[in-house]
Amino acid sequence: MAVIAISRQVAALGDEIADALAQKLGYTFIDRKQIESRIVELGFPQSKLPEYDERKPKFFASLAKNRDEYLNYLQVAVLEAAATGNCILIGRGSFIILENVPNLIPVRLVSRDDVRLERLKNEFSWSDRQAQSRIDESDSNRRGFHKSFFNLQNEDPQNFMLTLNTSLLSLDESVRILESLVKIKASPESEAAGKERIEQLLKAQRLVNQLLFDFRLNVNFLHASVQDNIITLQGVADSPSIAQKAVETAANILPSCEIRSAITIVQDFKA
């Protein structure tokens, strides 16, 4: 049917709405812990996860190789989850990782600051100061995360099909609206096209991870774009031989695909 990607402010009822909507639609709600667990299973160090997971990396962390590794593992985890179909993903930039997937329904949940403040105070028995500090920290981290990893503003409504204000809508009302949206937008045609596109993206991202982590090819900012059976490698290397090695290795991994190189050669490049 569809893949629903939810972006939310803290205390905007994101998890609660995602869980209730999943039950209503018979979808699978893939929450934060499941994505985190899969990132670690794929090979990212558990100890490094708090430095990057839905937060802006600190200055030196943003320059470290772990940053790019985190993003590569994150994309595989999100694409694998989306490949199961009929699911709801929350946070972690899933709406941009799955951008242009035909059966994607990206939505954002927001709420007034005073309502969020009261929700946090009631849930955790916090003071006004503690609750406001949590709101400020979370909002800043999420803005920084999306800017650092995807170079976009997560608060921009143009990124979403629909934005709901949960200080004006109840949980049940929000679920009913989203249920109607899914019924309007989901179709067998979009589902088939979405499934095919997700498979292509996942194939390309797994290829990138193999080249970087299994074969340890020294191509910085490596990315693979895919269209039909053509995969184009992009990134920065310090010699033509490394770029050629990347193409040859990729062709061996995916012999059914045509591998092209758009890798930029910069002599003496240092990441």
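For the chain, the longest principal axis of the Cα atoms and the long axis of helix 240-253 meet at an angle of about 70 degrees.
With θ taken as phi - 60° and the Karplus curve 6.51 cos²θ - 1.76 cosθ + 1.60 applied, the whole-hertz 3J(HN,Hα) list for segment 163-176 is 10, 10, 9, 7, 8, 10, 10, 6, 4, 5, 5, 4, 5, 5 Hz, x standing for glycine and proline.
Let me make sure I get this right: for segment 1-120, a, b and c are the square roots of the gyration tensor eigenvalues over alpha carbons, sorted descending. Under 1.5 in a/c it's rounded, otherwise prolate if a/b > b/c, else oblate. Which is it? Spell out each step's value before the answer.
On the way: a/c = 1.99, a/b = 1.23, b/c = 1.62.
Note, shape of segment 1-120 comes out oblate.
Across Asn154, Asn165, Asn252, mean-square fluctuation computed from a Gaussian network of the chain (C-alpha pairs under 10 Å connected) peaks at Asn252. Computed over every Cα-Cα pair of segment 68-196 and binned at 10 Å starting from 0, the pair-distance distribution P(r) comes out as 11, 34, 35, 17, 3, 0 percent. In the chain, the calculated helix contribution to ellipticity at 222 nm averages -16500 deg cm²/dmol per residue, counting -39,500 (n - 2.57) for every DSSP H run with n ≥ 4. Given +1 at the Cβ of Lys and Arg, -1 at the Cβ of Asp and Glu and no other charges, the dipole of segment 97-186 around its Cα centre is 160 debye to the nearest 20. For the chain, the longest piece that avoids every one of the trypsin sites (Lys or Arg not before Pro) found in DSSP loops with at most 13 other C-beta atoms within 10 Å covers 59-215.
Distance between the modelled labels on Glu173 and Arg143, one decimal in nanometres: 2.8 nm (7 Å Cα→Cβ projection). Here Asp113 sits with roughly 80 square angstrom of accessible surface, probe radius 1.4 Å.
Taking the longest Cα principal axis of the chain as reference, the axis of helix 113-124 is set at about 90 degrees. Taking Cα atoms only, the orientation of helix 128-150 departs from the longest principal axis of the chain by about 30 degrees.
Comparing His223, Pro188, Ile265 along the charge dipole axis of segment 183-271, the residue lying farthest to the positive side is Pro188, per the Cβ-charge model. Dividing the mean sequence gap of close Cα pairs (under 8 Å, 6+ apart) by how many residues the chain holds gives a relative contact order of 22 percent. Out of [x] 31, 24, 15; [y] 35, 24, 14; [z] 37, 20, 16, which label holds the value of semi-axes √(5λ) of the Cα gyration tensor in Å that was computed here? Here the calculated entry is [y].
At a Förster radius of 25 Å, what calculated FRET efficiency corresponds to the Cβ-Cβ distance of Ser256 and Glu99, to the nearest 0.05? Provide the component values of the computation, followed by the final result.
Working: r = 26 Å, r/R0 = 1.02.
Calculated value: 0.45.
Summary of the geometry: segment 134-199 and segment 11-34, compared by the centres of their Cα atoms, lie 12 Å apart. Looking at the chain, the accessible area is 51 square angstrom per residue; that uses a 1.4 Å probe and ignores ligands, DNA and RNA. Using C-alpha pairs below 8 Å separated by at least 6 residues, the relative contact order for segment 185-271 is 25 percent.
On the chain, 48 percent of the accessible area sits on carbon and sulfur atoms, based on a 1.4 Å probe.
Dividing the alpha-carbon Rg of segment 150-271 by 2.2 N^0.38 Å yields what? Provide the component values of the computation, followed by the final result.
Details: Rg = 20.3 Å, N = 122, 2.2 N^0.38 = 13.7 Å.
Cα Rg divided by the expected 2.2 N^0.38 Å: 1.49.
Distance between the pseudo-spin-label points of Asn151 and Glu189 (7 Å out from Cα toward the beta carbon): 3.4 nm.
The values are calculated or read from the model by the stated rules, or taken from the named source; none is laboratory data. Treat the numbers as computed from the prediction; the structure is a model and nothing was measured. Because the Cβ atoms are built from the backbone with ideal geometry, glycine has one as well, and the counts that use them run over all protein chains shown. Surface accessibility is based on the protein's heavy atoms, side chains included, excluding ligands, DNA and RNA. Shrake-Rupley method; radii C 1.70, N 1.55, O 1.52, S 1.80 Å.
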